[in-house]
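Reading through the structure tokens given below for one structure.
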Amino acid sequence: MEKDPLRGNATISMSYPASYQAVDDQVANGEQFRTVSVSSDDDMIDITTTGTVTERSIHQDEVSAWHFMAIKYSGHSGGGVTIQGMQGESDEIPGIGQYDDFHTIDWQRDIARDRMRHRYIIKKKQDSIWDLIKGAHDAWSGWVCVLLVGVSTGVVAGVIDIGASWMSDLKYGICPQAFWLNREQCCWSSNETTFDNGNCSQWWTWPEVFNQSREGVGPYIISYLFYIVWALIFAALAASLVRMFAPYACGSGIPEIKTILSGFIIRGYLGKWTLIIKSVGIMLAVSAGLSLGKEGPMVHIACCIGNIFSYLFPKYGRNEAKKREILSAAAAAGVSVAFGAPIGGVLFSLEEVSYYFPLKTLWRSFFCALVAAFILRSINPFGNEHSVLFYVEYNKPWIFFELVPFIGLGIIGGIIATLFIKANLYWCRYRKTSKLGQYPVTEVLVVAVVTAVIAYPNPYTRMNTSQLIYLLFNQCGISNSDNLCDYNRNFTNVNSAIEIAAAGPGVIKAVWLLVLALIFKLVATIFTFGFKAPCGLFIPSLCLGAIMGRIVGIGVEQLAYHYPHIWVFSGECSTGDDCITPGLYAMVGAAAVLGGVTRMTVSLVVIMFELTGGVRYIVPLMAAAMASKWVGDALGRQGVYDAHIELNGYPFLDSKEEFAHTSLAADVMQPKRNETLSVLTQDSMTVEDVENILKETEHNGFPVVVSRESQYLVGFVLRRDLNLAIANARRTMDGICGQSLVLFTNTSPLQTSGPPPLKLKKILDMAPITITDQTPMETVVDMFRKLGLRQTLVTHNGRLLGVITKKDVLRHVKQMDNEDPNSIQFN
Amino acid sequence: MKFAYILVLVFVCEVQAQSYEDVRCKCVCPNPSVVNVTQSNRKLYIDNVPPNKCTCDNVILPQVGDEIKGKEQEFCPRCECKYESRNTSIIKYVVIIVIWIISLLVIYMLFLICLDPLLNKRMKGNYQEHTNEEEEASGSSSTGAAAGTSSHPMGVRANVLNRVGHQQDKWKRQVREQRRNIYDRHTMLN
């Protein structure tokens, strides 16, 4: 199959230059130096009429022939028609194929480069054993890379889990015999562990360290002070380490990962220092008792690991589009270790963060997530045989009527989530524009101190957020002695299940404390998310939802206890069994709020049911997630990540939104009327001319045309490549000076005198995507989304008219939505 | 908590001797007196037994057998036994590594804040030269290392130090750029 197109191309490319040259000479003999500004349709029509019919038809044939070849990406044989010239020649120009900071990548071009490279390796395979080994290495390098990424992600997650749980408990006391153990581990084999706060004699609280008693007013004050001081120290360390070593480590990272995966370059965002500082910083931030979680940063950490390992394999390290396949897999591994949910991680990568997700990436993500979860599970950081603290196991059935409160939870969850997003965005915008943004470290410290001062008196906010979620998810069994389980039930009647019972005073008290905790957590998270330390959003949103769900669950349970014979309970509660599980409501509520905040649906439900280990609750979770998404979408358009992308003005073209306007490509393209398009000609410009154009303009790429008069398109060349190639030529080739001709063709013109020409055919993209000026923008936006274009060239009657870049598209979308188009900042 | 009092059980078993075991069987039961009286006090029993022996029959009854004599079948269904394991040596090494990393980072940060400006001030003369070399290197976009070797014909050690310093400067420049993006211009990560 492959051989035939190759041969076909070779013939075309051999017959091609002669006729091409002839045409070109005709044009060149005419008016060589008259510049024609192509600014409006009228002008274009004039130009079209000047050309003879034969000339045009020849050109069109050739253009289509070129397209044919370029699309096959196979024509390096004979004629040397390559897009990138991967066959060892391109190595002489370092940096070709890379991108500058804050630029958008060209997926098509990178994927084409990879295909060329692949084909080259396949072809070389037959030559020698060594090449065969190289080919085999190339084939499995993707799997090896994701294996390494998975293993390292698991290890790093284990370190973070253990470190964070140890440091969190440092706020309360220390284990003098083995200082590396946290409270639970310290009291691991002690029979005297109390039920109220898990203390035992091996664990010394801070008052005890200072020879005080454990209870009383004085010790309480000492504990309080130590809690605040530790929180302050941890927060200060986190914020200053981030500021000093890796400012990119702040925040959750998911909006940026989304943008990067959609094809954007942020140099250093996934680097070594970011990895180290984010890992350390998130441990410190969680231990400081701030209202944040480590799950979102885990995705960022995993992506850093993916990026670092991809440099071991040139196939991925040197090709930005291919690298994003590894990053997608790494994101899946990140969620997999964050929630102990491998399948949920894969779906999260697919639904939420990834942009380009072929099946191959799906399998690799699956493998990567599996390896990471396995490694973390064998490290067993929490001593509960699971990779998350709040793993619970349920097997109680639910009644059909309960769907109504579940959907109600979804609605409330959507409202809370919208409230959170709106308030958080308002606060972030305020921080961005006001003087507050000048004091990033101070802000973190103030938030930490205020959080600690308010959180300590309430036992539900004092404890670690993950532990609170675990408590709320749990069923009230015999081993649970919290206020929440203070029902007036006795455990004497051993042969029946735990029966439903009236709420005792402890439950009432707990509900009030939980209401306060809900308000506090909501407010604290609004001020926390977005400050300049690592912070994730999953745990606080899960916590908000769990509190809300538990309260509703207790309400429904008491309803069932007091009125067991109402038809809605369909007799299930009349036997005295515990027919309502408040813990399940907590879980559904958690899913609802998280769904409303992030607008995830499928991956969220899968993550939640992997957390509970039961497929029985899929329907309640689905109902709540759906209701919450509907309510969220109705009240506010975007999820929190999209809102933050918009706030920062990242060039992210959302593939979920539709473009519903009737504009045409001609309305969007650059240059606008009365401006000229800067183009290069294929064989009539000197190095000096090209350098002048590079100096005078700021475009990131230039179309190459046959000549300024005809404006027939030859290809597209990137500014960066052009700069590099000229610099390289001046350094390495003799005789290249300002007067040298720059040739984008194969053959040099018959030239006897003057300096040697500079051949830049290698860096020319011969297959730029082109559209006509009458193409509806709907199609153009679709092309940008689905093909991952960086720019497209607009033609009219086969002649070049203008360029549409991704930024133009994004600005146009903004403009059409009546928003400020200048908020898109990057290229 | 009013009902969660703990009855200290005096075992003469290995649990007490080796304080930090890696496995445990943790059982939570009502107070043995519940079989007689209506109350919901709880008690915790922890023992180090193989996983298949982690049941009420094997852990609880030997200890409290005489208190609930004849009512074992009523008492045991009320107990929750869970077998758990952990790895203390992993925890130990991880925590120590974490402490090391944090201390190193803090020391390096203090060094950069306090000493580095002083050192830089002293080496101002050298510094000038350094920047020139860098400009030259970036201007011609050469590999940089080649330029370094040619302009500094010193010993290998100096060369290595130089390269480290070069890398460090490059990294510092990048961090400065990141800081400008985030803290001053607020173009990213708001």
(request) Just name the residue that is farthest from A:Met298 (Cα to Cα) out of those in region A:125-141 that are open to solvent by 70 Å² or more (accessible area, probe 1.4 Å) and in a helix (DSSP H, G or I). (result) A:Ile129
(request) Note down all Cβ pairs under 9 Å where the first residue falls in region A:728-745 and is closer than 20 Å to A:Gly95 by Cβ, the second is among the basic types (Lys, Arg) and open to solvent by less than 40 Å² (accessible area, probe 1.4 Å), and they're at least six residues apart or on different chains. (result) A:Phe744/A:Lys761
(request) Could you tell me whether A:Ile282 is open to solvent by 10 Å² or more (accessible area, probe 1.4 Å), within 14 Å of chain B (Cβ to nearest Cβ) and on the phi < 0 side of the Ramachandran plot? (result) no
(request) Please specify each residue of region B:73-118 satisfying the condition of being touching a Phe, Trp or Tyr at 6+ places or on another chain (Cβ under 7 Å) and among the hydroxyl-bearing types (Ser, Thr, Tyr). (result) B:Thr88
(request) Could you pull out the residue among A:Glu325, A:Glu351 that is surrounded by fewer than 24 Cβ atoms within 10 Å (Cβ to Cβ), in contact with a helix residue (DSSP H, G or I) (Cβ under 6 Å, 6 or more places away or on another chain) and not β-branched (Val, Ile, Thr)? (result) A:Glu351
(request) Mind telling me which of the residues B:Lys2, B:Lys82 ends up being more than 7 Å from chain A (Cβ to nearest Cβ) and either at pLDDT 80 or above or crowded, with 19+ Cβ neighbours inside 10 Å (or both)? (result) B:Lys82
(message) Against the conditions (1) in a loop (DSSP other than H, G, I, E, B); (2) in contact (Cβ under 8 Å) with a residue 24 or more places away in the chain; (3) open to solvent by 70 Å² or more (accessible area, probe 1.4 Å); (4) under 18 Å from A:Glu819 (Cβ atoms), where does A:Asn674 fall short? Just the number, please.
(response) (4)
(request) Sort out which residues of region A:238-254 are open to solvent by less than 10 Å² (accessible area, probe 1.4 Å) and either more than 8 Å from chain B (Cβ to nearest Cβ) or among the polar types (S, T, N, Q) (or both), and write them in order of number. (result) A:Ala238, A:Ala239, A:Val242, A:Ala249, A:Ser252, A:Gly253, A:Ile254
(request) Sort out which residues of region B:148-190 are of a type in the set (Lys, Arg) and modelled with pLDDT of 85 or more, and write them in order of number. (result) B:Arg163, B:Lys170, B:Lys172, B:Arg173, B:Arg176, B:Arg179, B:Arg180
(message) I'm trying to understand the selection: among the residues of region A:375-400, which are away from every other protein chain (no Cβ under 11 Å), assigned to a helix (DSSP H, G or I) and surrounded by fewer than 18 Cβ atoms within 10 Å (Cβ to Cβ)?
(response) A:Arg377, A:Phe400
(message) One residue is enough: does region A:142-161 have a residue meeting the conditions away from every other protein chain (no Cβ under 14 Å), of a type outside the set (Phe, Trp, Tyr), under 27 Å from B:Asp47 (Cα atoms) and open to solvent by 10 Å² or more (accessible area, probe 1.4 Å)?
(response) no
(request) Starting from residues that are in a helix (DSSP H, G or I) and within 19 Å of the chain's Cα centre (by Cα), keep the ones in region A:285-297 and report whichever is surrounded by the fewest Cβ atoms within 10 Å (Cβ to Cβ). (result) A:Glu295
(message) So the check is Cβ under 7 Å with 6+ separation or different chains; which pairs have a first residue in region A:802-820 that's without any contact (Cβ under 8 Å) to a residue 12 or more places away in the chain and farther than 12 Å from A:Val781 by Cα and a second one that's among the small types (Gly, Ala, Ser) and surrounded by 16 or more Cβ atoms within 10 Å (Cβ to Cβ)?
(response) none
(message) Give me the residue from region A:405-443 that is under 17 Å from A:Val523 (Cβ atoms) and of a type in the set (D, E, K, R) and, out of that set, farthest from the other protein chains (Cβ to nearest Cβ).
(response) A:Lys422
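For every residue, the table says whether it meets (1) β-branched (Val, Ile, Thr); (2) touching a Phe, Trp or Tyr at 6+ places or on another chain (Cβ under 8 Å); (3) outside any helix (DSSP H, G or I).
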residue: A:Ile276; (1), (2), (3): yes, yes, no
residue: A:Ile305; (1), (2), (3): yes, no, no
residue: A:Leu312; (1), (2), (3): no, no, yes
residue: A:Arg324; (1), (2), (3): no, yes, no
residue: A:Leu327; (1), (2), (3): no, no, no
residue: A:Gly344; (1), (2), (3): no, no, no
residue: A:Leu347; (1), (2), (3): no, no, no
residue: A:Tyr355; (1), (2), (3): no, no, yes
residue: A:Thr361; (1), (2), (3): yes, no, no
(request) Go through A:Gln202, A:Gln212 for me and flag whichever is surrounded by fewer than 23 Cβ atoms within 10 Å (Cβ to Cβ) and within 9 Å of chain B (Cβ to nearest Cβ). (result) A:Gln202
(message) If A:Trp188 meets every condition in (1) modelled with pLDDT under 90; (2) open to solvent by less than 50 Å² (accessible area, probe 1.4 Å); (3) closer than 23 Å to A:Thr461 by Cα apart from one, which number is that one?
(response) (3)
(request) Check A:Thr686, A:Thr732, A:Thr745 and return the single one that is within 14 Å of chain B (Cβ to nearest Cβ) and more than 23 Å from A:His796 (Cβ to Cβ). (result) A:Thr732
(message) On the basis of being crowded, with 20+ Cβ neighbours inside 10 Å and assigned to a strand (DSSP E or B), does A:Val714 make the cut?
(response) yes
(message) Taking the conditions exactly as written (under 16 Å from A:Pro342 (Cα atoms) and among the small types (Gly, Ala, Ser)), does A:Gly632 satisfy them or not?
(response) no
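The values are calculated or read from the model by the stated rules, or taken from the named source; none is laboratory data. It should be emphasised that the depicted structure is a prediction, and the values quoted were computed from it without experimental measurement. Methodologically, a virtual Cβ is constructed for each residue, glycine included, from the backbone with ideal geometry; neighbour enumeration extends over all protein chains shown. Heads up: the accessible areas ignore ligands, DNA and RNA and are worked out on the full protein's heavy atoms, side chains in. Shrake-Rupley method; radii C 1.70, N 1.55, O 1.52, S 1.80 Å.
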